[in-house]
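Take a look at the structure set out below.
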Amino acid sequence: MNRGYALLHQATKGFRAPAKMDTYTPTTVSCACCQRAWEEVEEPGLAMEYQYSAGYAFESVCTTCYTPRLASTDMLGVEKLARGGKPVGGKLGMLAGSGGVITPSGELHLALPQGWIDKFQGGELGRQGRLHRCGAMALLLKLQGAGALADSHQGFVFVENWGRKADTLMGQWRASFSLSEVWCLSDQGAEPLDLAAMIDVARLVHAEWLAKKAVTPAFWRPIVQAAQGRRHDASLQKWTEGLDDPMTLLAALPVDPHSRMRLTPVMRELIPLIEEGAL
Amino acid sequence: MATAFQLRLRLHTPVILPVVTPRLETLLAEALRHQRLDWTAPVNDLPLTWDDQRGGYRGSQAVFGITAQHGLVGQVVKLPSSVTRLPAHAATRRNKPIKNIKIDGSGTAPKLTTHHGYLSPYLMFYGEGDPEECLKLLSLIHHVGKEHARGQGFFTIEAVEPDPDEGWRMRPWRSAKDHVSDRYHAIPDTLRMGLTGTDEPVYRPPRVLKEVLA
């Protein structure tokens, strides 16, 4: 569990400029966000004060959990100009709808829309070419293809959506060690996904000339309904009759029913990549 | 004389899997601690064979047993969040009076936390050791997995049968070669091998395993 936090801490050193880190010695038992004891966190015994809003209680969070709340003009770039023209830096926790990957060597790559790439091009990450105009899953597979995730025991972190709720994101932060079990982190929590099986399925449906159908919920409905406990044998029978080799496709589906429920959105990400020849 | 066995449990409510799938040894250790009413003393006398060469107990992780009629179903379980933060100490800091206490959700209505539950007709464990003693111990506990105190993962013991296929291999091992190769692909991870000790690089089965029963 600590490996994921260690990777984030390593990848975001530049965000934690000493001048911004108003740390103090906490009096609590553990970090209010990740619940790790103060001797287990990356900077033991150092806490940052966090308050949800005026009038709410103060919470002591570790420096790693506080990182998505830190604005950095150096690393990310200028988010906006405040009154008086003072530049305000971008925060990782404000990149709602965007994702990112931290490689085993501790490099942070962000998957952003073009507008944000233009905005953050002047930051350290932009200069190093770590801002990518693609989806989070496409970025993960691009880095995998480039061999950046090769050291599997070191782990990597896949952020599907930085979202708006940094406390939920950081509370369930964890590293993944294989494409067969990728922890998709978002501000809704962490969810495992068998991406290796999903890639096999995408290749099979593409080979059967079903790529257009496979991005619609109607195509996967019998499978998803069965995974939800609403199996309809007649629909399943009809579904298998429409395929050349149904047994191979059924065998390739992920075992986890919660992964099966995500077939349509994941196919929408993967099938264009196969059509481009990137997978 | 240690025998290899398959322990079949009938599952009645969805199991919420923790990050690490429960193993037979951890379940038996929990039962032993219940029996002794001591959760601090180390547990060294489990009725499972200790594999000296591989450095772990011969007991598998949980495997979902499905039938031709009933498969493995994913259920979304929503439960009120437990209050893990006690901000009373924070309220006294810096002499600032506290007006609201932030609990997940709001001050009056706790948020429902979403869990991924798994329901199948059976839940199985494989092991090598003394099956009778394992049964006695398992009869002391009735739930497995996360939120077990709130009724999730309720099971009853169905049967114990001999297992000729070394199903106990379905647990983390230091080497990928120690796994049953044709059932799944081992995943690298960092976990501890026994009930105590430090985390080390291991190869483990996927979190969700299923097996078709006749």
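Residues are listed down the side, and each one gets a yes or a no for (1) more than 18 Å from B:Leu9 (Cβ to Cβ); (2) among the β-branched types (Val, Ile, Thr); (3) touching a helix residue (DSSP H, G or I) at 6+ places or on another chain (Cβ under 7 Å):
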position: B:Pro131; (1), (2), (3): no, no, no
position: B:Val160; (1), (2), (3): no, yes, yes
position: B:Lys177; (1), (2), (3): yes, no, no
position: B:Ser181; (1), (2), (3): yes, no, no
position: B:Pro188; (1), (2), (3): yes, no, yes
position: B:Val202; (1), (2), (3): yes, yes, no
position: B:Leu213; (1), (2), (3): no, no, no
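Given the stretch A:43-117, what strands (runs of 3 or more DSSP E) lie entirely inside it while holding 3 or more residues that are in contact (Cβ under 8 Å) with a residue 24 or more places away in the chain and surrounded by 13 or more Cβ atoms within 10 Å (Cβ to Cβ)? Working first, answer last.
On the way: elements: A:47-51, A:58-62, A:78-81, A:87-89, A:99-102, A:108-111.
In the stretch A:43-117, A:47-51, A:58-62, A:99-102, A:108-111 are the strands (runs of 3 or more DSSP E) which contain 3 or more residues that are in contact (Cβ under 8 Å) with a residue 24 or more places away in the chain and surrounded by 13 or more Cβ atoms within 10 Å (Cβ to Cβ).
Candidates are the residues of the stretch A:170-216 that are among the aromatic types (Phe, Trp, Tyr) and within 14 Å of chain B (Cβ to nearest Cβ); the one that is surrounded by the most Cβ atoms within 10 Å (Cβ to Cβ) is A:Phe177.
Scanning the stretch A:140-162 for residues that are within 12 Å of the chain's Cα centre (by Cα) and crowded, with 23+ Cβ neighbours inside 10 Å yields a count of 7. If only residues of the stretch B:47-97 that are in contact with a helix residue (DSSP H, G or I) (Cβ under 7 Å, 6 or more places away or on another chain) and within 12 Å of chain A (Cβ to nearest Cβ) are counted, the one that is modelled with the lowest pLDDT is B:Gly71. When the residues of the stretch A:230-253 are filtered to those that are surrounded by 13 or more Cβ atoms within 10 Å (Cβ to Cβ) and within 14 Å of chain B (Cβ to nearest Cβ), the one that is nearest to A:Cys184 (Cα to Cα) is A:Leu253. Tallying residues that are within 14 Å of chain B (Cβ to nearest Cβ) and part of a helix (DSSP H, G or I) within the stretch A:254-268 yields 5.
Remark: pairs (first residue in the stretch B:110-124, modelled with pLDDT of 95 or more; second residue among the acidic types (Asp, Glu); Cβ separation under 8 Å; 6+ apart in sequence or on different chains) = B:Tyr122/B:Glu158; B:Met124/B:Glu211.
The test for being farther than 29 Å from B:Met1 by Cα, more than 14 Å from chain A (Cβ to nearest Cβ), in contact with a strand residue (DSSP E or B) (Cβ under 9 Å, 6 or more places away or on another chain) and at pLDDT 95 or above holds for B:Phe154.
The values are calculated or read from the model by the stated rules, or taken from the named source; none is laboratory data. The structure presented is a predicted model; accordingly, all values stated were derived computationally and were not measured. All Cβ positions, even for glycine, are placed from backbone atoms using ideal geometry, and neighbour counts span all protein chains on display.
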